[in-house]
Amino acid sequence: MKILYADLYFFWNLLADYLLCLAAGRLCALRLRRGRYALAALFGASYALALLFPLPPALTAPPARLGAGLLMGLIAFGGEERPLSCVLTLLGVSAAFGGALYALSELGGDGLRLSFRLLLAAFLVIYGLLKLFSRLRCRLRGSPRAAVRLRFLAREVSFSALVDSGNAARDPATGLALLIASPAALAPLFGALAPLLEELPPVELLEALSRDALCKGKLRLVPFRSLGGGGLLPVFRPEALWVDGKRREDLLVALSREARGEGFDAIL
């Protein structure tokens with residue numbers, strides 16, 4: 001008689017769903033939102049656990065299972081610029097993961113017996129293949145990254161920016177586009193004041209920087225709106241700015257803690 005422990009079953013599904021959301025997010029070159037991925041995984045694991053108990057056929061039929069997968073994807077990626085594409089990527093990754101899990105279990109001669117080693121091995125296999133595919137796609141389509149160098153307060157800094165066609169942020173006063181950079185990218189420009197970039201909210205940060213003789217009058221706040229809400233961004237005009245070696249006069253620089261991800265410290 002085969003015994004299935006509900007707590008372990010829930011944990012394996014929770015871990016697997018989180019890793020699948022993480023893999024899909026990386027494949028779509030998103031800024032990873034781990035809290036949303038954990039919430040999506042919690043929903044997916046809860047639904048999987050519920051399937052162990054007697055339920056109305058309408059909740060266990062293939063359309064209901066597909067609907068649960070779509071809902072999990074929307075929880076994870078509903079706030080992205082192209083949520084449908086991300087959800088479909090998640091479903092594709094899930095199918096590939098399930099195939100890898102089945103193949104590894106058959107090679108091991110264990111049927112579909114679930115274990116941590118098998119789960120981890122299946123994820124590493126499919127994640128490695130997806131990462132290879134993503135790199136090949138980037139080479140064929142051109143890298144979505146740009147090398148940025150900028151000068152401000154007589155200091156220079158260089159970093160990598162994600163080229164995001166969905167970034168429509170602009171300064172309402174001048175109409176200029178915004179290069180949104182993280183505190184880590186801009187820290188060398190501000191010297192001893194750099195820790196304030198991470199610690200203070202925008203209004204308090206502007207007040208603190210305005211008390212410095214070098215920064216006074218060189219930064220201001222601009223409003224912004226996104227799918228996740230709105231707020232204010234500290235903005236300044238750089239003394240000079242280059243993108244992939246080309247001088248740009250049409251960009252202002254904004255500071256945001258959200259503008260950082262794997263392989264980039266700003267969004268262009």
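The values are calculated or read from the model by the stated rules, or taken from the named source; none is laboratory data. Since the structure is predicted, the reported quantities are computational estimates derived from the model, not experimental observations. No Cβ is skipped: glycine too gets one built from the backbone with ideal geometry, and neighbour counts run over all protein chains shown.
Structure notes:
- Qualifying residue in segment 49-56 (condition: touching a Phe, Trp or Tyr at 6+ places or on another chain (Cβ under 9 Å), more than 27 Å from P144 (Cα to Cα) and of a type outside the set (G, A, S)): yes
- Restricting attention to segment 129-167, the residues that are part of a loop (DSSP other than H, G, I, E, B) and either under 14 Å from F236 (Cβ atoms) or at pLDDT 65 or above (or both) add up to 5.
- Condition check for L14: part of a loop (DSSP other than H, G, I, E, B) and closer than 21 Å to R65 by Cβ: no
- Residue that is farthest from the chain's Cα centre (by Cα), among those in segment 248-268 that are among the small types (G, A, S) and in a strand (DSSP E or B): A254
- For segment 81-101, the candidate set comprises residues that are crowded, with 20+ Cβ neighbours inside 10 Å and in contact with a Cys (Cβ under 8 Å, 6 or more places away or on another chain); within that set, the residue that is modelled with the highest pLDDT is C86.
- Residue check for R65: closer than 18 Å to F10 by Cβ and of a type in the set (K, R): yes
- Pairs where the first residue, in segment 41-68, is farther than 23 Å from A23 by Cβ and the second is not small (G, A, S) and not in a helix (DSSP H, G or I), C-beta under 8 Å, 6+ apart: L52/L4; T60/L51
- Candidate set: segment 162-211, residues that are hydroxyl-bearing (S, T, Y) and in contact with an Asp or Glu (Cβ under 9 Å, 6 or more places away or on another chain); chosen: the one surrounded by the most Cβ atoms within 10 Å (Cβ to Cβ): S182
- Inspection of segment 103-116 identifies at least one residue that is within 28 Å of the chain's Cα centre (by Cα), at pLDDT below 90 and closer than 22 Å to A23 by Cα.
- Just one of (1) closer than 17 Å to F152 by Cβ; (2) in a helix (DSSP H, G or I) fails for P238. It is (2).
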